[in-house]
1. Assess whether L83 counts as being of a type in the set (A, V, I, L, M) and out of contact with any helix residue (DSSP H, G or I) (no Cβ under 7 Å at 6 or more places or on another chain).
2. Assess whether A36 counts as being within 13 Å of the chain's Cα centre (by Cα), surrounded by 14 or more Cβ atoms within 10 Å (Cβ to Cβ) and either in a helix (DSSP H, G or I) or at pLDDT 95 or above (or both).
3. What is the one condition in (1) under 30 Å from M109 (Cβ atoms); (2) at pLDDT 90 or above that Q51 does not satisfy?
4. Just the residues that are touching a Ser or Thr at 6+ places or on another chain (Cβ under 8 Å) and either open to solvent by less than 50 Å² (accessible area, probe 1.4 Å) or of a type in the set (D, E, K, R) (or both), please, taken from the range 64-102.
5. Quick check: is even one residue across the range 110-119 of a type in the set (A, V, I, L, M, F, W, C) and open to solvent by 70 Å² or more (accessible area, probe 1.4 Å)?
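The values are calculated or read from the model by the stated rules, or taken from the named source; none is laboratory data. Keep in mind that this is a model prediction, so the values were computed, not measured. Every residue, glycine among them, receives a Cβ derived from its backbone with ideal geometry; neighbour counts consider all protein chains shown. Note: areas computed on protein heavy atoms with side chains; ligands, DNA, RNA excluded. Shrake-Rupley method; radii C 1.70, N 1.55, O 1.52, S 1.80 Å.
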Amino acid sequence: MCLKQASSLAKLLISKPIVAGHPQASAFQLSSRRDALRLYRECLRSIRSFQWNDKDGVLWADKLRTSVRSEFEEARLETDPELIRRMLVSGQDCLAQVQVKLWDNYQSMVDHVDKTRNN
């Protein structure tokens with residue numbers, strides 16, 4: 001690709017922030033809403049794995065479900081597209097970290113059972 005094509009492509013890729021009057025504003029709102037719903041559903045699926053009680057005897061899944069719901073409700077009325085993107089990326093990153101930790105702990109538990117199991 002020649003330098004002129006690369007610079008014109010960069011101008012297309014690096015655009016101004018999407019604001020209310022921007023032609024792609026409605027498309028961004030739809031995609032961000034879709035992404036938020038996808039993230040919310042994935043959070044709820046991951047919460048199912050937390051089937052133990054805290055020190056007060058309350059199921060962790062219930063506490064996490066309430067917490068996730070309140071976080072999403074607080075962010076529901078946010079209109080700044082850049083902040084919405086940041087929240088979505090941050091939420092996806094946190095969820096990925098939780099899923100990795102859950103998987104690692106599950107694997108260590110399975111390994112421990114395999115090692116201690118009497119044949």
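1. Yes; evaluated as a whole, the condition is true for this residue.
2. yes
3. The single condition Q51 does not satisfy is (2).
4. P81, I84, R85, L88, L95, L102
5. No, there is no match, as no residue in the range 110-119 is of a type in the set (A, V, I, L, M, F, W, C) and open to solvent by 70 Å² or more (accessible area, probe 1.4 Å).
Residue by residue, here is whether (1) hydrophobic (A, V, I, L, M, F, W, C); (2) assigned to a helix (DSSP H, G or I); (3) in contact with a Leu (Cβ under 8 Å, 6 or more places away or on another chain) holds:
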residue	(1), (2), (3)
R41	no, yes, no
T66	no, yes, no
E73	no, yes, no
G91	no, yes, yes
L102	yes, yes, no
